[in-house]
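The values are calculated or read from the model by the stated rules, or taken from the named source; none is laboratory data. Treat the numbers as computed from the prediction; the structure is a model and nothing was measured. Please note: Cβ atoms are built from the backbone with ideal geometry, for glycine as well, and neighbour counts cover all protein chains shown. Heads up: the accessible areas ignore ligands, DNA and RNA and are worked out on the full protein's heavy atoms, side chains in. Shrake-Rupley method; radii C 1.70, N 1.55, O 1.52, S 1.80 Å.
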Amino acid sequence: MATDRTPDNIYANPLETIVDFKFDDQVVGVFADMINRSVPGYSTIIKSLGILASQYAQPDSRCYDLGCSLGAATLSMRQQVSQPNCRFIAIDNSEAMINRCREHLQVANCDEQVELICGDILDQNIDEASVVIMNFTLQFIAPELREQLLQRIYQGLKPGGVLLLSEKIRIDDAESDQQLIDWYHQFKRANGYSELEISQKRSALEKVLIPETLEAHQQRLQGVGFKQIQPWFQCFNFISLAAIK
Ligand code: GEK
């Protein structure tokens, strides 16, 4: 069994063809290392998600983690939320990811408190929610389906509830966009990724991870009804927002 920090070397050697990125067994085996070395501020974001969730969780409500991967944000919520009768629901459509997540929750003694669902977040009911986390998940949803998902999240949230959304973003101005990408690639080099790894991973993600501008996110969130949209973290081209109903 891969350990928690099995090194990510998936793109270290030249690949004949670069297939679209998938959250399969190979990725799941190195995911903890991959996300920590690829998302600037990841551990700070995870800890902060628990802290923010604790401010918005309501008694007798549900707290969702959509695209939960190994359950890091769910575990952070579990640690910080103390309101009575909160149910935690973690959803991911990668079976390999859900299986590994289940092991993580067992080790953390949280498996009985969290409902783990293997399924597409586009098909899942979201009801009676006080907290919905989408930590770097919306970017993997086809752009034309994002608004209806956000509408369902808004409808499923109780008044005063929060959507905690993190995304990789792009900037409309090409020069500024390139600058953020260059800084981000320097961050990846500093974390031990080679030029080959950076460029092959970029190709694998090109059609799968579609970033939008901060303004596009803000407008859509406003459009579905969120009344306050507060950015609370940015590092290079990665941003986290709290959208309050
Ligand atoms: C973390 N939130 O560690 N339905 C369900 N899950 C999906 C879907 C979908 N339609 N599309 C993608 N996923 C995590 C990190 S990773 C981000 C999230 C990244 C899942 C996918 O299987 C993967 O586990 C997750 O969303 C995205 O805080 O790897 O950059």
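Being touching a strand residue (DSSP E or B) at 6+ places or on another chain (Cβ under 7 Å), under 30 Å from Glu128 (Cβ atoms) and at pLDDT 95 or above: is that true of Gln219 here? Considered against the rule, which asks whether it is touching a strand residue (DSSP E or B) at 6+ places or on another chain (Cβ under 7 Å), under 30 Å from Glu128 (Cβ atoms) and at pLDDT 95 or above, Gln219 comes out as no.
Among the residues of segment 142-185, those that are open to solvent by less than 20 Å² (accessible area, probe 1.4 Å) and in a strand (DSSP E or B) comprise Leu157, Gly161, Val162, Leu163, Leu164, Leu165, Ser166, Glu167, Ile169.
Of all residues in segment 80-97, count the ones that are more than 14 Å from Ala129 (Cβ to Cβ) and within 16 Å of the ligand (Cβ to nearest atom).
Matching residues across segment 80-97 total 7.
Per the conditions (1) away from the ligand (no atom under 13 Å from the Cβ); (2) under 26 Å from Cys63 (Cβ atoms), the sole criterion not satisfied by Ile198 is (2). Of the set (1) open to solvent by 10 Å² or more (accessible area, probe 1.4 Å); (2) under 16 Å from Ile35 (Cα atoms), all apply to Ile45 but (1).
So in segment 157-188, with the set limited to residues that are of a type in the set (S, T, N, Q) and more than 16 Å from the ligand (Cβ to nearest atom), which one is farthest from Leu241 (Cα to Cα)?
As a first pass, look at segment 157-188 and keep what is of a type in the set (S, T, N, Q): 166, 176, 178-179, 186.
From what's left, more than 16 Å from the ligand (Cβ to nearest atom): 176, 178-179, 186.
Values: Ser176: 21, Gln178: 22, Gln179: 22, Gln186: 24 Å.
Ranking the qualifying residues of segment 157-188, first place goes to Gln186.
For segment 124-137, indicate whether the set of residues that are within 23 Å of Lys245 (Cα to Cα), part of a loop (DSSP other than H, G, I, E, B) and among the acidic types (Asp, Glu) is non-empty. So that I can check it myself, show each step before the final result.
Looking only at segment 124-137, we keep the residues that are within 23 Å of Lys245 (Cα to Cα), and these are 124-137.
In the following step, the residues that additionally are part of a loop (DSSP other than H, G, I, E, B) were identified as 124-128, 136-137.
Among the residues that remain, those that are also among the acidic types (Asp, Glu) are: 127-128.
Within segment 124-137, one or more residues are within 23 Å of Lys245 (Cα to Cα), part of a loop (DSSP other than H, G, I, E, B) and among the acidic types (Asp, Glu).
Pairing each residue of segment 58-80 that is open to solvent by 10 Å² or more (accessible area, probe 1.4 Å) with any residue that is near the ligand (Cβ under 8 Å from one of its atoms) and assigned to a loop (DSSP other than H, G, I, E, B), provided the two are 6+ apart or on different chains, yields C-beta distances under 7 Å for Gly67/Ile121; Gly67/Thr137. Note on segment 97-141: residues that are more than 23 Å from Asn36 (Cα to Cα) and buried (at least 22 other Cβ atoms within 10 Å of the Cβ) amount to 5.
Taking the numbered list (1) in a helix (DSSP H, G or I); (2) closer than 18 Å to His185 by Cβ in turn, Lys47 passes all entries but (2). Scanning segment 61-77 for residues that are under 14 Å from the mean Cα position of the chain (by Cα) and hydroxyl-bearing (Ser, Thr, Tyr) yields Tyr64, Ser69, Thr74, Ser76. Against the definition (out of contact with any Phe, Trp or Tyr (no Cβ under 8 Å at 6 or more places or on another chain), modelled with pLDDT of 95 or more and assigned to a helix (DSSP H, G or I)), how does Met77 come out, yes or no? Answer is no for this residue.
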